[in-house]
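Everything below concerns the one structure shown next.
The values are calculated or read from the model by the stated rules, or taken from the named source; none is laboratory data. Predicted model, so just to flag it, every value in this text is computed and none were measured. Heads up, the Cβs are rebuilt from the backbone with ideal geometry, glycines too, and the neighbour counts pull from every protein chain shown. Ligands, DNA and RNA are excluded from the accessible area calculation, which covers all protein heavy atoms including side chains. Shrake-Rupley method; radii C 1.70, N 1.55, O 1.52, S 1.80 Å.
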Amino acid sequence: MNILDEIEQLQETLIQDRRTLHQMPETTFDLDQTTAYIKKRLIEMGYTPHDLGNHGIVTTIGTGSPCLLLRSDMDALPMAEESGLDFAAHNGKMHACGHDLHMTMLLGACAIFKQLKEIKGTIKILFQPAEEIASGAEAMIDAGVLENPHVDAAFGMHIKADQPTGTIAYCPGVMMPSSDFFTVQIHGKSVHGSAPHLGVDPISIAAHTICNLEMLTAREIDAAERFTMTIGSLQAGTTGNIIPDEAVLKGSIRCFDPDVRVKVLERFEEIITDTAQMYRGEALVNFPMRALTVNNNETFAKDWLPALQSIAKVDAHCQPLSISEDFSYFMEHVPSLFVLVGAQGDRPPVSLHNSHIIFDEEGMKTGIAAYVAIALHYLQGTH
């Protein structure tokens with residue numbers, strides 16, 4: 001089978017699927033329209049899709065072992081689209097991270113699999129919710145996606161509009177950092193600005209907290225480690241002459257080394273708690289969104305390279321990225337590979353999560369081919 005030739009025969013259907021999904025963006029686990037469309041398309045191909053957990057979809061083709069999991073995420077972002085496309089979404093949400101293309105690529109791969117006379121093993125297909133809030137993969141694992149049948153390996157991808165169309169990039173080992181999004185509530189005691197000594201100022205505590213956290217970056221973590229901490233929001237008070245009861249900090253921590261992450265998170269909470277107590281306040285730390293490191297299996301990174309090179313130009317030693325992905329949760333359980341697929345086309349490079357982003361739909365062909373090539377390579381016994 002010439003995979004790329006087979007994909008060309010699907011071109012009209014692929015465009016229709018992608019643009020239909022693009023116009024119905026839904027977020028987190030609220031994916032009624034999206035999942036209905038995916039299930040409809042799978043049934044039309046002859047699959048038997050099953051609901052998994054909260055708005056996940058799973059189906060299989062083939063029997064026995066080994067079993068390879070192929071995953072696509074489905075959720076969009078809560079941002080208005082400004083792409084100017086004639087099929088743009090108009091519901092205040094947008095597929096600005098390319099998950100509409102991801103779904104289409106996995107649907108395309110499903111269509112190719114149905115043309116195979118024999119599959120040696122099992123391909124488990126997963127359409128996953130809530131990647132954007134780093135909750136969907138863990139929820140699917142909790143719902144049993146890695147069992148019945150037991151998954152032996154996993155493969156995932158992400159499309160990018162700042163990478164040339166027709167290319168694949170990845171690196172062995174850690175390719176993306178963990179990310180821990182935090183909210184810190186600093187509680188003080190409200191008082192009139194004319195008598196600050198009678199209150200406890202959470203804004204002042206927040207300022208000292210930020211400065212003390214900078215010492216974690218500057219003095220406690222080896223400069224050779226790739227670690228970043230960002231505080232992107234400080235909210236407190238409503239008027240200039242009243243000290244408020246509360247200040248809220250929001251931000252994120254990203255670490256490439258899991259051991260560094262453990263140390264950073266431990267010291268992070270200590271610094272916040274101790275600083276608040278020093279100034280007679282109280283601080284509560286919450287982590288509403290967390291992803292682990294994307295750590296590519298080094299054996300797969302090497303052994304699966306020929307399959308990818310057969311369908312695209314591949315950079316198998318790209319620089320690690322600072323963005324995060326909840327595919328990392330699958331990697332904690334089964335050996336896996338995660339790759340980046342180019343979809344820049346002839347436009348200037350644009351980063352993900354941009355309301356003006358436009359992906360080159362030609363890039364979907366590379367993604368579909370990668371799903372199929374890896375599945376055939378793995379199941380034909382080279383694992």
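So the values come out like this:
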| item | result |
| --- | --- |
| Selected residue (criterion: farthest from Leu116 (Cα to Cα)) from residues of the range 327-352 that are assigned to a helix (DSSP H, G or I) and open to solvent by 10 Å² or more (accessible area, probe 1.4 Å) | Tyr329 |
| Subset of the range 339-358 that is of a type in the set (Val, Ile, Thr) and under 22 Å from Asp326 (Cβ atoms) - its residue that is farthest from the chain's Cα centre (by Cα) | Ile357 |
| In the range 173-222, the residues that are part of a loop (DSSP other than H, G, I, E, B) and either under 30 Å from Asp326 (Cβ atoms) or without any contact (Cβ under 8 Å) to a residue 12 or more places away in the chain (or both) | Pro177, Ala195, Ile221, Asp222 |
| The range 233-280: number of residues that are in contact with a strand residue (DSSP E or B) (Cβ under 7 Å, 6 or more places away or on another chain) and among the basic types (Lys, Arg) | 4 |
| Residues within the range 353-379 that are surrounded by fewer than 18 Cβ atoms within 10 Å (Cβ to Cβ) and either closer than 18 Å to Lys313 by Cβ or touching an Asp or Glu at 6+ places or on another chain (Cβ under 8 Å) (or both), tallied | 3 |
| Among residues of the range 186-217, those that are surrounded by fewer than 17 Cβ atoms within 10 Å (Cβ to Cβ) and more than 14 Å from Tyr279 (Cβ to Cβ), counted | 9 |
| Complete set of residues in the range 264-283 that are within 27 Å of the chain's Cα centre (by Cα) and open to solvent by 60 Å² or more (accessible area, probe 1.4 Å) | Glu266, Arg267, Glu269 |
| Gly232, sole failed condition from (1) open to solvent by 40 Å² or more (accessible area, probe 1.4 Å); (2) within 19 Å of Gln277 (Cα to Cα); (3) not hydroxyl-bearing (Ser, Thr, Tyr) | (2) |
| Inter-residue pairs, beta-carbon under 9 Å, first among the polar types (S, T, N, Q) and in the range 116-138, second part of a loop (DSSP other than H, G, I, E, B) and open to solvent by less than 10 Å² (accessible area, probe 1.4 Å), 6+ apart | Thr122/Val151; Gln128/Met74; Gln128/Asp75; Gln128/Val145; Gln128/Asp326; Gln128/Phe327; Ser135/Pro129; Ser135/Asp326 |
| Which listed residue, of Thr60, Thr13, is closer than 19 Å to Tyr371 by Cα, open to solvent by 30 Å² or more (accessible area, probe 1.4 Å), of a type outside the set (A, V, I, L, M) and in contact with a strand residue (DSSP E or B) (Cβ under 8 Å, 6 or more places away or on another chain) | Thr60 |
| Any hit, the range 77-91, residues being touching a Lys or Arg at 6+ places or on another chain (Cβ under 7 Å) and open to solvent by less than 10 Å² (accessible area, probe 1.4 Å) | no |
| Members of the range 127-161 found to be within 20 Å of Ala301 (Cα to Cα) and either assigned to a helix (DSSP H, G or I) or among the β-branched types (Val, Ile, Thr) (or both), listed by number | Val151, Ile159 |
| Subset of the range 28-48 (residues that are within 19 Å of Met94 (Cβ to Cβ) and touching a strand residue (DSSP E or B) at 6+ places or on another chain (Cβ under 7 Å)) | Thr35, Ile38 |
| Of residues in the range 294-314 being more than 17 Å from Ala153 (Cα to Cα) and touching a strand residue (DSSP E or B) at 6+ places or on another chain (Cβ under 7 Å), the one least open to solvent (accessible area, probe 1.4 Å) | Ala312 |
| Whichever residue in the range 63-76 is buried (at least 20 other Cβ atoms within 10 Å of the Cβ) and not small (Gly, Ala, Ser) and, among such residues, is farthest from Leu337 (Cα to Cα) | Asp75 |
| Pairs where the first residue, in the range 26-44, is closer than 15 Å to Gln16 by Cα and without any contact (Cβ under 8 Å) to a residue 40 or more places away in the chain and the second is surrounded by fewer than 18 Cβ atoms within 10 Å (Cβ to Cβ) and not charged (D, E, K, R), C-beta under 9 Å, 6+ apart | Tyr37/Thr20 |
